[in-house]
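I have placed the structure first, in the form of structure tokens, so that the comments after it can refer back to it.
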Amino acid sequence: MAEKQQSVGNKTQYDRPSDRIFRRSRAAEQRRYNSQQAESRFLRAIFGLTSLTTLIVFVIIVLFYKSNAQAAETPVPDAPLAEPSTALTEPLFGSFTGLDILGIAIVMMLGYAVWRKYQNKD
């Protein structure tokens, strides 16, 4: 049995209600799929950014450890025994160093991004 179709503008109208229901369900499924893909891209970006940040932190730790080890190996006579420090390792606010504040800021930015993503989820 041939299906009757009527063309109205750009849309084709079908006589059977099941065709309309099928098209609506396919459209809803496509919207869900697009939403899941957008969320997947967002989470990949967040995890990539946190992985990169972790890598940078470990590189900084290794560099500070090596510079501290070199300073301990080459003692200077009549020099005070103090650890080498940089601007990022000196206390800024109380006992918090620049690295501490930088780490807290990065975590806050990532948390805010995740919060905004799920806030607009409606």
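The values are calculated or read from the model by the stated rules, or taken from the named source; none is laboratory data. What you see is a predicted model, and the numbers here were worked out from it, not measured in a lab. Glycine also receives a Cβ, built like all others from the backbone with ideal geometry; neighbour counts cover every protein chain displayed.
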Of all residues in region 87-110, which are of a type outside the set (V, I, T) and either touching a Cys at 6+ places or on another chain (Cβ under 7 Å) or not in a helix (DSSP H, G or I) (or both)? A87, L88, E90, P91, L92, F93, G94, S95, F96
Has region 50-68 got any residue that is among the charged types (D, E, K, R), at pLDDT below 85 and touching a helix residue (DSSP H, G or I) at 6+ places or on another chain (Cβ under 8 Å)? no
Boolean, A72 is at pLDDT below 85 and exposed (fewer than 12 other Cβ atoms within 10 Å of the Cβ): yes
Close pairs from region 15-41: first at pLDDT below 90, partner in a loop (DSSP other than H, G, I, E, B), Cβ under 8 Å, at least 6 apart: D15/E3; D15/K4; R16/E3; D19/E3
